[in-house]
Amino acid sequence: MRQGFETPSLSVDQSAHLAELRRSAAADIVRLVSLSASGHPGGSLSSLDALLVLYASAALDPAAPHHADRDRLVVSHGHISPGVYATLAGFGYFDIREAFRGFRRAGSVFGGHVESVVPGVEWNTGNLGQGLSVGAGFAMAARARGASFTTFVGMGDGEQQKGQIGEARRFAAKYKLNNLVAFIDFNGLQIGGKISDVMPQDIRASWVADGWNVLDVDGHDHAALYAAFRAAVRHETANPDAPTLLLLKTVMGKGISFIENDHNYHGQALTDEMAARAFAELGQTSNLAELRADRAANRDSFHHHIVVDRDINLDLGEPLTYTESNDCRSAYGNAMTDLAKRNVDRPGSWPIVAVSADLEGSVKLGGFRKAAPNWFFEGGIAEHSSAAMVGAASKERVVPVFSTFGMFAFAETYNQNRLSDQNGAAPKIIVTHCGLDVGEDGPTHQCIDYVSLLRNLYGFELFVPADPNETDRIVRHAIGRYAPIAVAMGRSKLPILTDETGAPLYGGSATFEPGRWTTVRNGTDAVVFAYGSMVYRAVAAHDLLRAKGISLKVVNASSLKPHDEAAILDAARSIGTLLTYEDQCVHTGLGAIVAATLGDNGIAARLRRLGVKQYGTSGKPDDLYAEQGLSPADLVRNVEELLGK
Ligand SMILES: Cc1ncc(C[n+]2csc(CCOP(=O)(O)OP(=O)(O)O)c2C)c(N)n1
């Protein structure tokens, strides 16, 4: 892999080549949007010169798009995909004809917004405002594992209206991520017109205020772009420790005189007549008719495999066995501390990178921070950015963990997690304070909807431990496997679950397996599926019912995603009376999973779903459960009703 920005300036030949490439890429942008009759020419043309200079000069190689030492380039304003595809094709990442055939067409990798299935594209974007967090995630991972690549992030100027960018900007400045270089395509326009009319903002001042180096650059002058990027990469800046922003003065639609500075061409194709005029201005052939016929007759055949190192190298240690009741979050913190101690100085270990959101104490990461100070990052009350960051970092040979309350890591940041999922990322989102179990902090903090939220995210797995021993095993499992994994815990202390002999159910050599539910108590009259803080309550109901001569089977459904279909079907066939019992929304939690499983398999069974019927209030968890008909006594009553006793 070449070094980026090695020579002091562009040579005469390089400048001439870039100028020529600029004209052909501009024409390709017009061709792409004309062929699909949609897309974004305006920003593609204003960002084009920065893209060309970067792909020409950074440590990037079309022959090795996944090289470990490559620089990372995140295009946050993913709508400029025509500009990105034209640039990549110009440098030989693929044949532009493939993009002409496939752009914005079902089944093609050449999507309307850039996706990492295209070589040279680092991250799927399109939801504006997330790219700087992604870049900060790459840069944070590079720091943690001592890698020397630079991460570049391009953004729009309208995009600066997004608050998440401020979150990422402050994080990068706080952690002195001078391996991060951002640029803004400052063309003054966005969809609705002038950025100053849509939302007045002093972009430059915001970045300066947060401690970045800001370089003002003519965004269409290749020599100036090269010099500024080079200075940023080499830290030849006013504050060498700080990350650097290039504020690029640009013209929307640059190079096609009759659409320049016209915000209508932010996202509108040119007519054929206009395209012909554009090709004439650019000195390029007008071959739209031929390309259109080719596109009608052919689909693109371009396939590309994303290469990610999934081979996590960590000493996962031996699971701990607790015999005294404790909160799951303490067991989580203890497991993380143990993992940090085992691995922090171990050669070859992947760093475990933990990001908190001003709740380090509540999520019990203090021991981890002390054991591995350089692996702990306090992201502040900036959950959107932290969620996006850990998603990105997960692709960079570190194991990133985001820990805060469930409400702030699942509900607050749903779209960030969704985008990580679409990127095939593998963050660990390990949260506490879920459900009514939060207690006195009240309904704003009680995440009673994480099961449904996570079920929408196709790739994510979701595990909910029922006691400290299961927590320890789930945490070690999650840290050791490349997959997007959510772990949800409550706040309260939970008793140690035991088997009928009184031995810890999940202690010793017990293992956790995704998709496998475990029987906590056997029974023959009815079965209750529970998870998390409801399992020991179900056991209490089991004991109360046994005294009345009713036999209730208790199943711990700790793997919510994937779920254990066989366990549901077996129970339906052999017992026939089923209940779900959960600290989650009654409509969309485990009850819905069990109901759908029965329905999908055409199996009739009696099913009663017990869950949270309405937002909770502030109070002690036991009182909140009683308020919603979720106490062990309520479970007993429901079982008796179902059995007609
Ligand atoms: C979070 C989010 N909100 C809204 C949009 C829709 N959108 C796409 S592009 C755009 C305007 C972007 O303006 P700017 O960053 O200035 O890009 P340019 O117009 O220069 O291409 C908007 C609102 C989006 N993609 N993401």
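The values are calculated or read from the model by the stated rules, or taken from the named source; none is laboratory data. Bear in mind that the values here come from a model prediction, so they are computed numbers and not experimental data. Here the Cβ positions follow ideal geometry from the backbone for every residue, glycine too, while neighbour counts run over all protein chains shown.
Specify which of the listed residues (S206, S196) is among the hydroxyl-bearing types (S, T, Y), more than 30 Å from R143 (Cα to Cα) and in the same structural domain as K162 (by TED's automatic domain parsing). If you could, list the steps in order and put the result at the bottom.
On the way: S206 fails: more than 30 Å from R143 (Cα to Cα).
Of the residues listed, the single one that is among the hydroxyl-bearing types (S, T, Y), more than 30 Å from R143 (Cα to Cα) and in the same structural domain as K162 (by TED's automatic domain parsing) is S196.
Would you mind telling me which numbered condition in (1) within 14 Å of the ligand (Cβ to nearest atom); (2) touching a Ser or Thr at 6+ places or on another chain (Cβ under 6 Å) N213 fails?
(1)
May I ask you to list pairs of residues, at least six apart or on different chains, whose Cβ atoms are under 6 Å apart, with the first in segment 181-194 being more than 14 Å from G253 (Cβ to Cβ) and the second being part of a strand (DSSP E or B) and near the ligand (Cβ under 9 Å from one of its atoms)?
Cβ pairs passing all conditions: I184/M155.
With the requirement that a residue be within 16 Å of the ligand (Cβ to nearest atom) and either hydroxyl-bearing (S, T, Y) or more than 20 Å from H305 (Cβ to Cβ) (or both), what does segment 114-132 give you? Spell out how you get there, then give the answer.
Initially, segment 114-132 is screened for residues within 16 Å of the ligand (Cβ to nearest atom), giving 114-115, 123-132.
Listed by number, the residues that qualify are T125, G126, N127, L128, G129, Q130, G131, L132.
Is it true that some residue in segment 74-94 is over 29 Å from R292 (Cα atoms) and either surrounded by fewer than 20 Cβ atoms within 10 Å (Cβ to Cβ) or more than 16 Å from the ligand (Cβ to nearest atom) (or both)?
There is no residue in segment 74-94 that is over 29 Å from R292 (Cα atoms) and either surrounded by fewer than 20 Cβ atoms within 10 Å (Cβ to Cβ) or more than 16 Å from the ligand (Cβ to nearest atom) (or both).
Mind counting the residues in segment 523-553 that are of a type in the set (S, T, N, Q) and within 19 Å of K645 (Cβ to Cβ)?
At the first step, the residues of segment 523-553 found to be of a type in the set (S, T, N, Q) are 524, 533, 551.
Okay, now just the ones that are also within 19 Å of K645 (Cβ to Cβ), so 524, 551.
Number of matching residues: 2.
For every residue, the table says whether it meets (1) closer than 29 Å to A503 by Cα; (2) of a type in the set (S, T, N, Q); (3) buried (at least 20 other Cβ atoms within 10 Å of the Cβ).
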{"site": "V431", "(1), (2), (3)": "yes, no, yes"}
{"site": "G439", "(1), (2), (3)": "no, no, yes"}
{"site": "T444", "(1), (2), (3)": "no, yes, no"}
{"site": "D449", "(1), (2), (3)": "no, no, yes"}
{"site": "N456", "(1), (2), (3)": "no, yes, no"}
{"site": "L462", "(1), (2), (3)": "yes, no, yes"}
{"site": "A466", "(1), (2), (3)": "yes, no, yes"}
{"site": "T471", "(1), (2), (3)": "yes, yes, yes"}
{"site": "I474", "(1), (2), (3)": "yes, no, yes"}
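Has segment 306-319 got any residue that is basic (K, R), outside the structural domain of Q446 (by TED's automatic domain parsing) and surrounded by fewer than 23 Cβ atoms within 10 Å (Cβ to Cβ)? First the steps, then the outcome.
Filtering segment 306-319 for residues basic (K, R) gives 310.
With the extra rule that they be outside the structural domain of Q446 (by TED's automatic domain parsing), the set shrinks to 310.
Okay, now just the ones that are also surrounded by fewer than 23 Cβ atoms within 10 Å (Cβ to Cβ), so 310.
Yes, that holds for at least one residue.
Applying the selection to segment 507-530, what residues are over 18 Å from I593 (Cβ atoms) and assigned to a loop (DSSP other than H, G, I, E, B)?
G507, G508, S509, A510, T511, F512, N522, G523, T524, D525
If a residue counts only when it is closer than 21 Å to T125 by Cα, which strands (runs of 3 or more DSSP E) contained entirely in segment 376-488 have at least 2 such residues?
Per the criteria, 399-403, 428-431.
Anything in segment 149-167 that is closer than 17 Å to E122 by Cβ and more than 14 Å from the ligand (Cβ to nearest atom)? List them, or say none.
Of everything in segment 149-167, those that are closer than 17 Å to E122 by Cβ and more than 14 Å from the ligand (Cβ to nearest atom) turn out to be F149, T150, T151, F152.
Would you check which residues across segment 349-375 are assigned to a helix (DSSP H, G or I), over 16 Å from S394 (Cβ atoms) and not aliphatic (A, V, I, L, M) and list them?
Listed by number, the residues that qualify are G366, G367, F368, R369, K370, P373, N374.
It is to be established whether one or more residues within segment 271-288 are within 16 Å of the ligand (Cβ to nearest atom) and either over 12 Å from I29 (Cβ atoms) or touching a helix residue (DSSP H, G or I) at 6+ places or on another chain (Cβ under 7 Å) (or both).
no
Considering (1) closer than 30 Å to Y175 by Cα; (2) in contact with a Lys or Arg (Cβ under 7 Å, 6 or more places away or on another chain), say which one L288 fails and leave the rest.
All conditions are met except number (1).
Being outside any loop (DSSP other than H, G, I, E, B) and away from the ligand (no atom under 16 Å from the Cβ) is the filter; apply it to segment 49-70 and report the residue that is surrounded by the most Cβ atoms within 10 Å (Cβ to Cβ).
Here the residue is V53.
Are there any pairs with C-beta distances below 9 angstrom linking a residue in segment 32-45 that is under 17 Å from S286 (Cβ atoms) to a residue that is among the charged types (D, E, K, R) and part of a helix (DSSP H, G or I), with the two at least 6 apart or on different chains, and if so which?
If the second residue must be among the charged types (D, E, K, R) and part of a helix (DSSP H, G or I), the pairs left are S34/D272; S34/R292; L35/R101; L35/R292; L35/R295.
Could you please let me know if Y265 is of a type outside the set (S, T, N, Q), modelled with pLDDT under 95 and assigned by TED's automatic domain parsing to the domain that holds G146? Steps first, please.
Working: of a type outside the set (S, T, N, Q): yes; modelled with pLDDT under 95: yes; assigned by TED's automatic domain parsing to the domain that holds G146: yes.
It is true that Y265 is of a type outside the set (S, T, N, Q), modelled with pLDDT under 95 and assigned by TED's automatic domain parsing to the domain that holds G146.
Is it the case, given these coordinates, that S46 is within 16 Å of the ligand (Cβ to nearest atom) and over 21 Å from the mean Cα position of the chain (by Cα)?
yes
Restricting attention to segment 223-254, report how many residues are more than 15 Å from the ligand (Cβ to nearest atom) and within 30 Å of A37 (Cα to Cα).
Looking only at that region, the number is 0.
Which condition number does D338 fail, the rest of (1) more than 13 Å from the chain's Cα centre (by Cα); (2) over 16 Å from I479 (Cβ atoms) being met?
Failing condition for D338: (2).
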